[in-house]
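What follows is a single structure, written as structure tokens, with notes after it.
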Amino acid sequence: MDAVIDNLPTFLEGFRNTLGLLALAGIGAFILGIVVAAMRISPVGSFRAFATVYTEIVRNTPLTLVLFFCAYLLPYLQFSPGYFQLAAIGLTVYTSPFVAEALRSGVNGVHVGQAEAARSIGLTFGQTLSFIVMPQAVRMVIPPLINVFIALAKNTSVAGAFFVFELFGAARQITNDRGDAVIAILLAVAVFYLIITIPLGLVAGRIEKKVAVLR
Amino acid sequence: MTSVLYDVPGPRARARSRVISLLGIVLIAGGLVALVVVLGLPKASANGAVQPGLWDASRWDVFNDVQVWRTLGIGALNTLRMAAVAAVLALIVGVLFSFGRAADSAWVRIPTTVVLEFFRGMPVLLMMLFILLVFSTGSFWAGVSALAVYNGAIIGEALRAGIKALPSGQREAGLAIGLTPVATRFRIEFPQAFRQMLPIIIAQLVVLLKDTSLAFVVGYNELLRSGNYNLSQFFGNRYQFSFFFVVLVIYLAMNLSLSWLARIIARRTGSQSGGVTATDTTKGPAKPGDPNLVYANALGAQSKGQY
């Protein structure tokens, strides 16, 4: 236990970096995901095809490979803003198709009768989307979106293997220093991760229940 | 979906959308071509030395070496082996978790729930490191057991949801014909839940295959480590991009074919799992004499088709 208390500042620094990665990559992936989702449901065929190919390729690439590209190959190609930023870029790219899929499934999840009814009382395309489809889609989208961000929080640990000092990196460093207290140290790191993931999961579950009542 | 949202486009709208589509193709293709050209330009590094571009033949000649392909093949086999062992164990762990979570006795249910939440909320990588350091199992079993436990927890949750979604009459019928609660779960509820959840389970197995690359970090010689790391350390930095490219293609080939298989199975079970009620409603009334029934069915079919 003393190994945990002694190294608390190191843990907290790692935790701060994990939160930073989560926030940065989360915002980036959200924006990129909206763009990809919009392209995927757009009437323009070429955008749709591009977004589909992008989603399929990125979703089927392992995160480790993406971060390997960011940490080793981008500096080699003379683009090196620092490992933290590189990891944030990698996580953003990796998470964006999942965000896009969550958004798209939300829009598709609105029953088609809603749109039919809106169209039949004479609403235009924009009105149908903004007054009928979107308000329902947003509610349905939030729980899966939170799940994507939970996965992102766990995925930031992979950045620790690529020269970023976050929680996993802190765990590696401290277990190297204190080989006698490995179990306590790793459990402490796990608790830090659970501090992020479990509240998010509870929020998602509560929202899901609320939406289920509304529907 | 989209066809409901706007009117059927007329000739002018069609022409306009064709123009936008063409512009989009030009834009995207132009971007890709520009990327390829920029990557292919010769590069001057910081010390002034000029290196050939990434598509230059001198960066790809390692692939004439059989040993390179052998190393890549062994790496891919190691990845597949880890994925296969972990998948089998994950299914077993998942079944155990689902029974634990759906148990009648709170003494089983609550501890299982706590353990499951703990495993689900923790990164796989941390679990691998934990198992490697605490149980000193070696990198293969560290990777396998972490993947099995993590994905098992998720599969268990899916199976539990499947059991819960079954009509309660299934369980009651099983109990009523004299099966014990355990036998009812095994022989009545579980097979149905498993079939219903098969698409989710297979999707999770694709995730598992992708996550084997995390074993790179704990030092297992899988595709990423042997292909990207060891080979480019051995042959030098100039081949780094080429190795990355080939490893990416191998990964995409493996994962896309598994996803494709998952989709086929999902479609097949999707039509089956609808069961008795679904086929009854889509077939409509046996005698199409009643105009009211036919009309209702036609309306329903219309909405469904566009959805």
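Brief remarks on what is shown
- Set the Cα radius of gyration of the range A:2-214 against 2.2 N^0.38 Å, with N its number of residues, and you get 1.22.
- At q = 0.11, 0.13 Å⁻¹ the log10 of I(q)/I(0) for the range B:62-274 amounts to -0.63, -0.81, computed by Debye summation with a single uniform scatterer per C-alpha, solvent ignored.
- Each residue of the range B:97-107 is assigned a 3J(HN,Hα), and the resulting list reads 4, 5, 5, x, 6, 9, 5, 7, 7, 5, 5 Hz, derived from the Karplus form 6.51 cos²θ - 1.76 cosθ + 1.60 (θ = phi - 60°), x at Gly and Pro.
- Relative compactness, the range A:122-215, computed as alpha-carbon Rg over 2.2 N^0.38 Å: 1.64
- Close amide H partners of B:Q51, meaning residues 5 or more places away or on another chain with modelled amide H under 5 Å apart, are B:K43, B:A44, B:S45.
- For chain A, modelled as a GNM whose springs connect Cα atoms under 10 angstrom apart, the maximal fluctuation among A:L186, A:L65, A:L77 occurs at A:L77.
- For the peptides A:151-157, B:91-97, B:163-169, A:48-54, residues were scored by their other Cβ atoms within 10 Å and the scores averaged per peptide; the highest-first order is A:151-157, B:91-97, A:48-54, B:163-169.
- Two-decimal Rg/Rh across the range B:8-122, once Rg and the Kirkwood Rh are taken from alpha-carbon atoms: 1.30
- As a rough footprinting exposure proxy, the listed residues B:M128, A:M134 were ranked by other beta carbons within 10 Å of their own, and the order from fewest upward is A:M134, B:M128.
- If R0 is taken as 56 Å, the Cβ-Cβ distance between B:A103 and A:A38 corresponds to a FRET efficiency of 0.80.
- Most tightly packed first, judged by the mean number of other beta-carbon atoms within 10 Å of their residues, the peptides B:251-259, A:88-96, B:116-124, B:27-35 read A:88-96, B:116-124, B:251-259, B:27-35.
- Computed from the C-alpha gyration tensor, the three semi-axes of the ellipsoid equivalent to the range B:144-267 are 44, 15, 8 Å, from longest to shortest.
- The angle between the Cα long axis of helix A:167-177 and the longest principal axis of the Cα atoms of chain A comes to about 10 degrees, rounded to the nearest 10.
- Peptide A:64-70, shielding by other chains (average Cβ, 10 Å cutoff): 6
- Angle of helix A:8-41 to the longest C-alpha principal axis of chain A, folded into 0 to 90 degrees and rounded to 10: 20°.
- Residue-averaged beta-carbon neighbours from other chains (10 angstrom radius) around B:20-26: 5
- Ranked B:D211, A:D180, criterion: other C-beta atoms within 10 Å, fewest first: A:D180, B:D211
- Take each residue in A:94-101, count the other chain C-beta atoms within 10 Å of its C-beta, and the mean is 0.
- The length gained on full extension between B:R14 and B:D65, counted as 0.36 nm times the residue separation minus their Cα-Cα distance, comes to 13.1 nm.
- Globularity ratio of the protein assembly as shown, using Cα Rg and 2.2 N^0.38 Å: 1.09
Every number here is computed from the coordinates shown, using simple stated rules; none is lab data. What you are looking at is a predicted structure, and each value in this text was computed from that prediction instead of being measured. Because the Cβ atoms are built from the backbone with ideal geometry, glycine has one as well, and the counts that use them run over all protein chains shown.
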